[in-house]
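Taking it in order: structure first as structure tokens, then the write-up.
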Ligand code: UDP
């Protein structure tokens, strides 16, 4: 059936389309923190995240990184390939921040010379726990070969996105990726890449240009997302 709501997440809705294996994503204005326990709506956030994520997925595709992204079809909608999601959040870190700073007792802002890749098990009831490779194998989430692909892709995407943000005066501090399997079992980048899922700091002023503004009550979220979108328009 066409236009059937297939899934509603915290920041996006997923609908079927007239084409088999093609879905429509609608970006919502909601922002959540503390695994959904805190929620607020920011009119215009969905449009900005769609614009930013579409731009980043297009850039990644242009350098050969395949994703579910097909095209942006309106201000707040994209067409994507239907894939089977892998229940992992793959986090890549270039600068110490957030949960890792807390866990290791390190100061935020310290450079991490060799990017750190981490895995979290996507499970709301468990609050998305940090897990290691043995846990992933035990739970049979992905095979050993797929795990290697995930790690290699995460590092490669990092190497593409660092200079992309650098040229617009932004430090890519850390970010979260999600992947899925396409029709033929191939691993594809999925979900979104936006200020909701990345830490982005202004290179000079270190101003936060991401969801930490909401998580930490640092001010208005919308102008910050607008700033990222505006800078990306120029590249
Ligand atoms: N992140 C995300 N979704 C999550 C958890 C984290 O997109 O459910 C992103 C977050 O925006 C940051 C990176 O992953 O860019 C690392 O987040 P961290 O583990 O430091 O968690 P936090 O401090 O945000 O709880």
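Throughout, read-outs are computed from the coordinates displayed, never taken from laboratory work. The shown structure was predicted, so the numbers you read here are calculated from the model rather than taken from an experiment. Every residue, glycine among them, receives a Cβ derived from its backbone with ideal geometry; neighbour counts consider all protein chains shown.
Dividing the Cα radius of gyration by the Kirkwood radius, what Rg/Rh value follows for the range 180-234?
A ratio of 1.15.
With n ≥ 4 as the cut-off for DSSP H runs, can you work out [θ] at 222 nm for the chain, using -39500 (n - 2.57) per run divided by the number of residues, rounded to the nearest 500? Numbers along the way, then the final one.
Working: 6 runs with 70 residues, N = 235.
It lands at -9000 deg cm²/dmol.
Entry note, the range 15-98: relative contact order of 29 percent, from Cα contacts under 8 Å with a spacing of 6+ residues. Compute the projected area of the convex hull of the Cα atoms of the range 1-42, averaged over all viewing directions, and report it in nm² to one decimal place. The orientation-averaged projected area of the Cα hull of the range 1-42 comes to 3.2 nm².
For the range 24-108, the gyration tensor built on C-alpha atoms gives an oblate shape. Its axis ratio a/c (a ≥ b ≥ c) is at least 1.5, and a/b is not larger than b/c. Given axes a ≥ b ≥ c from the Cα gyration tensor, I'd like to know whether the range 103-164 is rounded (a/c under 1.5), prolate (a/b larger than b/c) or oblate. Because a/c hits 1.5 or more and a/b fails to exceed b/c, the range 103-164 counts as oblate. Once C-alpha pairs closer than 8 Å and six or more residues apart are averaged by separation and normalised to the residue number of the range 136-235, the relative contact order reads 18 percent. Distance from the Cα centroid of the range 198-235 to that of the range 108-157 is 25 Å (rounded to whole angstrom).
Under 1.5 on a/c is rounded, so check that first for the chain, then, if it is not, pick prolate when a/b is larger than b/c and oblate when it is not; a ≥ b ≥ c are the square roots of the alpha carbon gyration tensor eigenvalues.
Details: a/c = 1.39, a/b = 1.10, b/c = 1.27.
Rounded.
An ellipsoid equivalent to the range 74-133, defined through the eigenvalues of its Cα gyration tensor, has semi-axes of 27, 17, 12 Å when rounded to whole angstrom and sorted largest first. When the chain is treated as a Gaussian network with alpha carbon springs shorter than 10 Å, the biggest mean-square fluctuation among 192, 207, 77 belongs to 207.
For the ranges 4-13, 195-204, what's the packing order if you count other beta-carbon atoms within 10 Å of each residue, average per peptide, and put the highest first? Walk me through the intermediate numbers first.
Details: 4-13: 14.1, 195-204: 20.4.
Those peptides, ordered most packed to least, come out 195-204, 4-13.
Normalised by the number of residues in the chain, the average gap of Cα pairs under 8 Å and 6 or more apart makes the relative contact order 17 percent.
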